[in-house]
Amino acid sequence: MKIKETPLKDCYIIEPTIFEDERGYFFEKFNEKKFEELTGMNGHFVQDNISKSSYGVLRGLHLQKGEHAQAKLVSCLEGSVWDVAVDLREDSPTFGKWFGIELTAENKLQLYVPRGFGHGFSVLSTHAVFSYKCDNFYNKESEGSVKFNDPDLDIDWKVDEKDAILSEKDENAPGFKEKNF
């Protein structure tokens, strides 16, 4: 496993070491001990979530607030997504900055999104199966969100806005300056 820093503080790309032969491939998707040694971050996860979406679905920007904040380790199991993390920690040197990366079933990359970040993705393929490992349990009362197309963030979602398929919650999310985080 290789850990690569992103431009955002404490947000990492995880690249697996893949062993391939005529039978197929094998790789270690995650190793808590190695992750903690390489990043200094806690890598203990308590909840796994899977979503399936079609082209143009845009989910985000979401987070859990307060004591229910979650770090996430995300990957794409089928298809391709444009994954976005936004640093919403007001005391961070990268506050208000975003990072995007294409996660695919083929590249097998993962993104570690720390607590205090907003997270979302858009589906680039005909469909995608997306995996989230979370280090804290979901709590509905602690949901936070930021408008996906907020001009202060100016995120490129790699899907034309007219093609974006959004939930009502995401369409009506507050703007960045409203600080619903």
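Nothing in this text is a laboratory measurement; each read-out follows from the coordinates by a stated rule. This one's a predicted model, so the numbers in the text were calculated from it and none came from an experiment. Every residue, glycine as well, gets a Cβ built from its backbone with ideal geometry; the counts of neighbours run over all protein chains shown.
Counting only strands (runs of 3 or more DSSP E) wholly contained in the stretch 21-110, the ones carrying 1 or more residues that are touching a residue at least 12 places away in the same chain (Cβ under 8 Å), touching a helix residue (DSSP H, G or I) at 6+ places or on another chain (Cβ under 8 Å) and of a type in the set (K, R) occupy 58-64. Note on the stretch 125-147: among residues that are assigned to a loop (DSSP other than H, G, I, E, B) and of a type outside the set (D, E), the one that is nearest to E90 (Cα to Cα) is V146. Does the stretch 116-124 contain at least one residue that is surrounded by 20 or more Cβ atoms within 10 Å (Cβ to Cβ), touching a residue at least 60 places away in the same chain (Cβ under 8 Å), among the β-branched types (V, I, T) and not in a strand (DSSP E or B)? No; the residues of the stretch 116-124 include none that is surrounded by 20 or more Cβ atoms within 10 Å (Cβ to Cβ), touching a residue at least 60 places away in the same chain (Cβ under 8 Å), among the β-branched types (V, I, T) and not in a strand (DSSP E or B). Only one of the numbered conditions (1) among the basic types (K, R); (2) more than 24 Å from L109 (Cα to Cα); (3) touching a residue at least 40 places away in the same chain (Cβ under 8 Å) is not met by K179, and that is (3). For the subset of the stretch 142-162 comprising residues that are more than 17 Å from G100 (Cβ to Cβ) and touching a residue at least 12 places away in the same chain (Cβ under 8 Å), which member is surrounded by the fewest Cβ atoms within 10 Å (Cβ to Cβ)? It comes out as E143.
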